[in-house]
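Undergrad: Attaching a single structure in structure tokens format; questions to follow.
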Amino acid sequence: MGPPFQRGRPPLCWVCSSGSPGPWTVSPPPTRSGPSLCPSLPWLRPAHRTDPHTRAEGDRPAMAAALGEDLAQAPDIQDDSSSLGSDSEINGPGPYRRADRYGFIGGSAKPSEAGPGQPSLELIRQREMKWVEMTTHWEKTMSRRAKKVKMQCRKGIPSALRARCWPLLCGAQDRQAQNPNTYQELVSAPGDPQWLEAIGRDLHRQFPLHEMFLSPQGHGQQGLLNVLKAYTLYRPEQGYCQAQGPVAAVLLMQMPPEEAFWCLVQICEFYLPGYYGPHMEAIRLDAEVFSALLGKLCPRIHKHLHQQGVGPLLYLPEWFLCLFARSLPFATVLRIWDAFFSEGVKVLFRVGLTLVRLALGTAEQRRACPGLLETLETLRSIPPAQLQEDLFMAQVHAVAVSERDLQRESLTQLAKLQKTSPELQLSPKDRLPGASAIFEAQQLAAAKPPDREVPRIVVHPPEEPRPRKKPQTRGKTFHGLLTRPRGPQTEGPSRTHRASSSFLDTRF
């Protein structure tokens, strides 16, 4: 578990301990980005991690097969960067460029055909109308019908409304309203040259088969550069982590750059705090939490992974840091993100546990993985039929992991980690469990009165008591104090008096 978090020496590969770093290495900036893939693991070199402009001649058939038969043209046409690496807004759509409904060239999801298990058009329209009604009165909806919002997110947000719903769920719209000109100021400001160089090296790696990110001069790569650069200026103490690239790219596929920036801020600060910092302590803690939950829910799988030496840090960071954007079919990724914005990091644990169970759930599957490499390959090669979004998400939501279980296990594992690493400073309470908690936090912040000067109360010390003066009674007699003053009689009813004098008058 040590190599991904060691500093001061070249990071090792997470699998074969060679000199090549893993996909998300932690080293002094800007070397934290720009991965070099392990040459001994062929399945760690997917096609979308290869630069189409620097691809060797021997890779042309594989590239043509990936993009479709229409791309198998003459070498001089393939070498033309203006054809393969252009954007539709610059050169227009070519006859060979066939994209699926998500924008991926050569994808299997047809833009006009619904695949197996896809909802009907009538059902999609009904869900769209429900979401339009809920988002129109968002504060009322979250105050009174938060459970309905969660259930609708589990069913899937309509594709036409994700750009409207995701910022509302994560609180990015409210954050943007409070900072109206912040993003433009960050984009126009000069960035740190170290981070800009690191970001520039990774731009072409983010979904190069998506039509938005084909061209370096297209709006996709330029928007991604602006979003990541703005975040390094907004949080200079955290800087840039390579895993933020796929997250920001998925956001840009759904919404404009400014909304994508604030969604990225909310993810990094409230959903996954500590994931993308210089030391990445939170992912280390969540790896221990995931292992403990796996031992309770799937003890046989946990035992097999332990026997083969497959720790959670060998496969979990790529899942959690990228929110499964580089590991699962894109339709399933979008459904995971819908639930993630609604229910928080709990969804990531449920998805991870479901993937491990699908890959190693049976005794036959575990017997087919006698070593570390075979086990890792099995975790990364789950059949696509088992990852269909509706069937897969039904299994995800059935996993018995609640927010209370997650909080309890996080505190337990944090106490264990702090015994071996006292410098570890983490607080699981900083992570908010989904849209409801974020909405309540924003409402409390809005209800808080503006900062005003608190009146000061000055308390003076008590004065010294003055000496009591004795009354002046010299020369005064008791007789003079008690004698009744003689004077004219007051008007009133007549009273009968005794003829004799009073006792005092006769006595003295």
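The values are calculated or read from the model by the stated rules, or taken from the named source; none is laboratory data. Remember, predicted model here, so these are calculated numbers, not experimental data. Counting neighbours? That spans all protein chains shown, and the Cβs are built from the backbone with ideal geometry, glycine included. Heavy atoms of the whole protein, side chains included, go into the accessibility calculation; ligands, DNA and RNA do not. Shrake-Rupley method; radii C 1.70, N 1.55, O 1.52, S 1.80 Å.
Undergrad: Kindly evaluate residue 248 against the criterion of being under 30 Å from residue 119 (Cβ atoms) and in contact with an Asp or Glu (Cβ under 7 Å, 6 or more places away or on another chain).
TA: no
Undergrad: Check residue 180 against each of (1) open to solvent by 40 Å² or more (accessible area, probe 1.4 Å); (2) outside any helix (DSSP H, G or I); (3) touching a residue at least 40 places away in the same chain (Cβ under 8 Å) and name the one condition it does not meet.
TA: It is condition (3) that residue 180 fails.
Undergrad: Going through 392, 439 one at a time, which residue ends up being open to solvent by less than 20 Å² (accessible area, probe 1.4 Å) and either assigned to a helix (DSSP H, G or I) or under 22 Å from residue 280 (Cβ atoms) (or both)?
TA: Numbers: 439 fails: open to solvent by less than 20 Å² (accessible area, probe 1.4 Å).
Being open to solvent by less than 20 Å² (accessible area, probe 1.4 Å) and either assigned to a helix (DSSP H, G or I) or under 22 Å from residue 280 (Cβ atoms) (or both) holds for just one of 392, 439, which is 392.
Undergrad: If you don't mind, another one. For the stretch 205-226, how many residues are in a helix (DSSP H, G or I) and either among the hydrophobic types (A, V, I, L, M, F, W, C) or open to solvent by less than 20 Å² (accessible area, probe 1.4 Å) (or both)?
TA: Restricting attention to the stretch 205-226, the residues satisfying the condition of being in a helix (DSSP H, G or I) are 205, 211-213, 219-226.
Now restrict to residues that are either among the hydrophobic types (A, V, I, L, M, F, W, C) or open to solvent by less than 20 Å² (accessible area, probe 1.4 Å) (or both): 212-213, 220-221, 223-225.
Total satisfying the criteria: 7.
Undergrad: Follow-up question, since we're still on this one. Identify the single condition in (1) touching a residue at least 40 places away in the same chain (Cβ under 8 Å); (2) open to solvent by less than 40 Å² (accessible area, probe 1.4 Å); (3) part of a helix (DSSP H, G or I) that residue 369 does not satisfy, given that it satisfies every other one.
TA: (3)
Undergrad: Turning to a different aspect of this structure: Out of (1) crowded, with 23+ Cβ neighbours inside 10 Å; (2) assigned to a loop (DSSP other than H, G, I, E, B), the odd one out for residue 351 is which?
TA: Against the list (1) crowded, with 23+ Cβ neighbours inside 10 Å; (2) assigned to a loop (DSSP other than H, G, I, E, B), residue 351 comes up short only on (2).
Undergrad: Restricting to the stretch 227-254, name every residue that is open to solvent by less than 10 Å² (accessible area, probe 1.4 Å), among the hydrophobic types (A, V, I, L, M, F, W, C) and touching a residue at least 60 places away in the same chain (Cβ under 8 Å).
TA: 241, 243, 247, 249, 250, 251
Undergrad: Can you give me the number of residues within the stretch 388-423 that are within 23 Å of the chain's Cα centre (by Cα) and basic (Lys, Arg)?
TA: 2
Undergrad: Which of the residues that make up the stretch 124-171 are without any contact (Cβ under 8 Å) to a residue 40 or more places away in the chain, surrounded by 13 or more Cβ atoms within 10 Å (Cβ to Cβ) and not in a helix (DSSP H, G or I)?
TA: Those that are without any contact (Cβ under 8 Å) to a residue 40 or more places away in the chain, surrounded by 13 or more Cβ atoms within 10 Å (Cβ to Cβ) and not in a helix (DSSP H, G or I): 145, 158.
Undergrad: Same structure, new question: Here's a check for you: in the stretch 187-199, which residue that is of a type in the set (Gly, Ala, Ser) and in a helix (DSSP H, G or I) is most open to solvent (accessible area, probe 1.4 Å)? Steps first, answer last, please.
TA: Looking only at the stretch 187-199, we keep the residues that are of a type in the set (Gly, Ala, Ser), and these are 188-189, 191, 198.
If we keep only those that are in a helix (DSSP H, G or I) as well, we get 188, 198.
Details: 188: 93, 198: 0 Å².
Out of the qualifying residues, it is 188.
Undergrad: I'm trying to understand the selection: among the residues of the stretch 271-281, which are surrounded by fewer than 22 Cβ atoms within 10 Å (Cβ to Cβ) and either of a type in the set (A, V, I, L, M, F, W, C) or within 18 Å of residue 222 (Cβ to Cβ) (or both)?
TA: 280
Undergrad: Residue by residue through the stretch 354-366, note down the ones that are open to solvent by 20 Å² or more (accessible area, probe 1.4 Å), in contact with a helix residue (DSSP H, G or I) (Cβ under 9 Å, 6 or more places away or on another chain) and either in a helix (DSSP H, G or I) or within 27 Å of residue 244 (Cα to Cα) (or both).
TA: Going through the stretch 354-366, the residues open to solvent by 20 Å² or more (accessible area, probe 1.4 Å) turn out to be 357-358, 361-366.
Restricting the remaining residues to those that are in contact with a helix residue (DSSP H, G or I) (Cβ under 9 Å, 6 or more places away or on another chain) gives 357-358, 361, 363, 365-366.
Answer for the stretch 354-366, where residues must be open to solvent by 20 Å² or more (accessible area, probe 1.4 Å), in contact with a helix residue (DSSP H, G or I) (Cβ under 9 Å, 6 or more places away or on another chain) and either in a helix (DSSP H, G or I) or within 27 Å of residue 244 (Cα to Cα) (or both): 357, 358, 363, 365, 366.
Undergrad: Quick one: how many residues across the stretch 257-270 are touching a residue at least 40 places away in the same chain (Cβ under 8 Å) and open to solvent by 10 Å² or more (accessible area, probe 1.4 Å)?
TA: Initially, the stretch 257-270 is screened for residues touching a residue at least 40 places away in the same chain (Cβ under 8 Å), giving 257-259, 261-263, 265-267, 270.
Add one more test, that the residue is open to solvent by 10 Å² or more (accessible area, probe 1.4 Å), and what stays is 257-259, 270.
Adding up the residues that qualify gives 4.
Undergrad: Continuing with the same structure: Going by the structure shown, is residue 335 assigned to a helix (DSSP H, G or I), open to solvent by 10 Å² or more (accessible area, probe 1.4 Å) and farther than 24 Å from residue 162 by Cα?
TA: Values: assigned to a helix (DSSP H, G or I): yes; open to solvent by 10 Å² or more (accessible area, probe 1.4 Å): yes; farther than 24 Å from residue 162 by Cα: no.
For residue 335, the condition - assigned to a helix (DSSP H, G or I), open to solvent by 10 Å² or more (accessible area, probe 1.4 Å) and farther than 24 Å from residue 162 by Cα - is not met.
Undergrad: Shifting gears a bit: Going residue by residue through the stretch 227-239, is there one that turns out to be under 25 Å from residue 346 (Cβ atoms) and polar (S, T, N, Q)?
TA: Yes, the stretch 227-239 has at least one match.
Undergrad: Another question, if that's okay. Scan 174, 202 and give me the residue that is in contact with a helix residue (DSSP H, G or I) (Cβ under 9 Å, 6 or more places away or on another chain), open to solvent by 50 Å² or more (accessible area, probe 1.4 Å) and part of a helix (DSSP H, G or I).
TA: Details: 202 fails: open to solvent by 50 Å² or more (accessible area, probe 1.4 Å).
Among 174, 202, only 174 is in contact with a helix residue (DSSP H, G or I) (Cβ under 9 Å, 6 or more places away or on another chain), open to solvent by 50 Å² or more (accessible area, probe 1.4 Å) and part of a helix (DSSP H, G or I).
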